[in-house]
Each structure stands twice: as C-alpha cells, then as structure tokens.
Amino acid sequence: MKLKHLIESQQLDIETIFTIFKRADELKNSTVKPLTGKILATLFYEPSTRTRLSFESAMLRLGGYVISTENAKEFSSAIKGESLQDTIRIVSSYADIIVLRHFEEGSSKIAASVSSIPIINGGDGGGQHPTQALLDLYTIWKEIGRVDNIVIAMVGDLKYGRTVRSLCYLLGKFKNVKIIFISPENFSIKDDIKEYLKKHNIKFEEQTNLNKHLPCVDVVYMTRIQEERVSAEEYQNIKIVYKITKENLNLLKENARLLHPLPHVGEIDLPIEIEQTDRRVAYFRQAENGLYIRMALLSYLLE
C-alpha cells in the first residue's frame, strides 16, 4: 500500500525504498516539473539548515511553491498557546504537504492523526528522522554499491541521535549487515533498537575503541554529541571523545566511506583539501543526496 505520511523508518519496505531511490536518480538531472502548482509547508519548531532548505529547494525544483516558518516555536501561534493539532488543521488547508520538525518525540504521529494532507517527519526530538535515514541509505547504496553485506560503525551520541535510530530501522530490512556501535557508556544505543536488530537477525556489538575498528568497516557513521539534549556539564565532559583526523582516516580501507548527518563540530577534524579530494570523505555528497531523495519523496507522496 502506498504511504500517505512518512512518520518513521519502519513504514518503509524494501520495494518502497528502492522506488524512491530510482526516482531520485531520475529526478537528479531532470527538467520535468511534476508538482507544478503544489504547495509545501515547512513547519519547523527546531533549528535546521539542511533539512528545511533541501525540502524547500526540492519543491521549487519540482515546480511547486513553498510557505515556511523556520522558528515556529517562537514565531507562530504556538507562542500564544495554540496546540500542534490545531496548527496542523489550519496549515493543512493552506498547503498540499507538510514537513514538520518538532522538539517533542511523537509529534509527527500526532500531526498525521489530524491532517488532511501528507505529513513528513523532519525530525521529532529524540525520536526519528526518516528522511535523513533514507538519504543515508541512498548514499551507502551509491557509494558502496550495495546495502546488503556491509559492516558499519556508528559512532558518538547513539542515545539521543535520532538519525542513528532511524538508520538502524532501515538497515534491519537488509541481509548480512553488521553494526558496530561505538560510544561513551552514557551515550550507548537504546535497548529498543537492540531488540529490533535482534528480531531482524542483524549482528551488532557495542565497543568503545574507534581506531581498533576503523580498518574493518565499510562505512563509518559519525555523529556529534547533541548539546541541546544534555546538560552543559555532561556536554563539556563528553563532546569530543571520538574524532576523525587525517591520521586515523588513513586506517580506513580505500573503498570505505565516512558519513555524517551534519553539522559536524569537533568530532571531525580534517583539512579542507582532504575533504575535497579524498573519496572516502562522503558527507558533503551525502548532504547533496538529501535534495534528490526529498525531491523523490515529495513526488512519490503527491503524484
């Protein structure tokens, strides 16, 4: 059954994933405007650069229009006490599709329950970020040439990182995937993800030594410690436990890839010339892929 909303990665089966991937490939260099006259509303209660701008650019490239609020927590009727449900009811009468980013986990599910138009979860607190997971998986597919039979290290803030959670749900749909979780003890992956991976026969292990595992992985997925979700003291103690530098980048295999959902802070410390010339550094191509995946998703949900 075709999706009406995209709220969480679990909704996506392999057929739908590759339908969106193939459409992204087709739209990348296309001049077709399949969404002429359609309106996208981007309703963001948390800051964003890549997600909001790539969705807006995607809609414009597809021939549609955009209405937007980049700080709905302060510059919408939420400041007056309006509920999210009422906001969605109103905005859904102005647009054809809504991308919602919110600080509360589960907000997109609430929005979808009252919306008359498709809702896309653009990140809900510490919950999920399914379109980021889609573009991450698409990048792995384009860069490595496969999604089955890979070893991936997920590094950093695995407790609060919604991108890691969403990507794990997608990886659970493929075969012979192994995940190495590398994090400080207090930032380890949550039990619900581990239970999901066990249920889907995905091998995983929890480790603390990054350099030891760099030579044996196909993908390194770095994440930042999320300052906005921890105390100031906790952040200062833990913010740069793991770091990719020029020296340990060279521990990676030549055909391995370094990904990051961005923004990166101190956890990646590479000279610009290496970022521009070393094919293993893929996170800027990953961010660009977000445009094509979001074009594909908008057209999939609205055509």
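The figures follow:
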read-out	value
Odd one out for L270 among (1) over 29 Å from N29 (Cβ atoms); (2) within 15 Å of the chain's Cα centre (by Cα); (3) modelled with pLDDT of 95 or more	(2)
Total residues in the range 1-55, condition in contact with a His (Cβ under 9 Å, 6 or more places away or on another chain), part of a strand (DSSP E or B) and either loosely packed, with under 13 Cβ neighbours inside 10 Å or not aliphatic (A, V, I, L, M) (or both)	1
Residues of the range 276-303 that turn out to be over 30 Å from T31 (Cβ atoms) and modelled with pLDDT under 95, as a count	0
Some residue of the range 26-38 being at pLDDT 95 or above, of a type in the set (G, A, S) and at negative phi	no
Flag for Y160 being under 30 Å from E104 (Cα atoms), outside any loop (DSSP other than H, G, I, E, B) and not basic (K, R)	no
S115 at pLDDT 95 or above and of a type in the set (S, T, Y)	yes
Selection count, the range 243-277, where residues are more than 21 Å from S183 (Cα to Cα), in contact (Cβ under 8 Å) with a residue 12 or more places away in the chain and touching a strand residue (DSSP E or B) at 6+ places or on another chain (Cβ under 8 Å)	1
Subset of the range 122-163 (residues that are in contact with a Leu (Cβ under 8 Å, 6 or more places away or on another chain) and either more than 27 Å from F44 (Cβ to Cβ) or of a type in the set (A, V, I, L, M) (or both))	A133, L134, L137, I140, V147, I152, A153, M154, V155
Residue in the range 191-207 that is assigned by TED's automatic domain parsing to the domain that holds K243, under 13 Å from A153 (Cα atoms), crowded, with 20+ Cβ neighbours inside 10 Å and of a type outside the set (F, W, Y) present	no
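The values are calculated or read from the model by the stated rules, or taken from the named source; none is laboratory data. From a predicted model like this one, the values you see are computed outputs, not experimental measurements. Note that each Cβ is placed from the backbone with ideal geometry, even for glycine, and that neighbours are counted across all protein chains shown.
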